[in-house]
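Working notes for the structure below.
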Amino acid sequence: MIKTYHLSDAAYQDIDEIVTYIAKESPKSAHKFLDATYSAMDTLAENPDLGHLREDLTQMSVKFWTFKWHYLIIYKPMKPIEIVRILSGYQDITNIIN
C-alpha cells in the first residue's frame, strides 16, 4: 500500500515552528522529532481510524492522534488523509483550530 497524506499549509508551518523551537536546544532532538512526525503521518495514512474524535475541543470532523511526547496530529480521516494541524498538547487547541 502506498502511504499517502496531504498536509495543510498550517501543518507545514506547525512542523517548521516546532522543529525550529526544539533545534534551539538540541538539533539532534529536532531531527528525531521530524522523523517521528513523518513516521506518525505514514502510520495514520495506512490506518486513518487510529485517532479519536474530541468533541470537547471542536465540532469539526477531525480526529486527534498523540505522538512523540505530547504532540497531536489533527487530521481529516479520508483517503488520502488531510493533516490539518500538528500542535503541542500544551497549546490552547480549541482556540487554535476553531
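The values are calculated or read from the model by the stated rules, or taken from the named source; none is laboratory data. All of these numbers come straight from a predicted model, not from anything done at the bench. Cβ sites come from the backbone with ideal geometry, for glycine too, and all protein chains shown count toward neighbours. Just the protein is used for accessible areas: all its heavy atoms, side chains included, with ligands, DNA and RNA removed. Shrake-Rupley method; radii C 1.70, N 1.55, O 1.52, S 1.80 Å.
Could you list all residues from the stretch 23-43 that are under 16 Å from the mean Cα position of the chain (by Cα) and aliphatic (A, V, I, L, M)?
Matches in the stretch 23-43: ALA30, LEU34, ALA36, ALA40, MET41.
I'm trying to understand the selection: among the residues of the stretch 74-98, which are of a type in the set (Phe, Trp, Tyr) and buried (at least 19 other Cβ atoms within 10 Å of the Cβ)?
If the condition is that a residue be of a type in the set (Phe, Trp, Tyr) and buried (at least 19 other Cβ atoms within 10 Å of the Cβ), then TYR75 is the only one that fits.
If you check GLU17 against the conditions, is it over 19 Å from THR4 (Cα atoms) and either assigned to a loop (DSSP other than H, G, I, E, B) or not basic (Lys, Arg) (or both)?
Judged against the criteria, GLU17 is a match.
I need a count of the residues in the stretch 34-73 that are part of a helix (DSSP H, G or I), surrounded by fewer than 19 Cβ atoms within 10 Å (Cβ to Cβ) and of a type outside the set (Asp, Glu).
Adding up the residues that qualify gives 5.
Which pairs have Cβ atoms under 7 Å, sit 6 or more apart or on different chains, and link a residue in the stretch 51-77 that is within 14 Å of MET41 (Cβ to Cβ) to one that is hydroxyl-bearing (Ser, Thr, Tyr) and open to solvent by 20 Å² or more (accessible area, probe 1.4 Å)?
From residues that are within 14 Å of MET41 (Cβ to Cβ), the pairs are LEU72/THR66; LYS76/SER61.
Please go through the stretch 82-98 and pick out each residue that is outside any helix (DSSP H, G or I) and in contact with a Ser or Thr (Cβ under 8 Å, 6 or more places away or on another chain).
Of everything in the stretch 82-98, those that are outside any helix (DSSP H, G or I) and in contact with a Ser or Thr (Cβ under 8 Å, 6 or more places away or on another chain) turn out to be GLU82, ILE83, VAL84, ARG85, ILE86, GLY89, ASN98.
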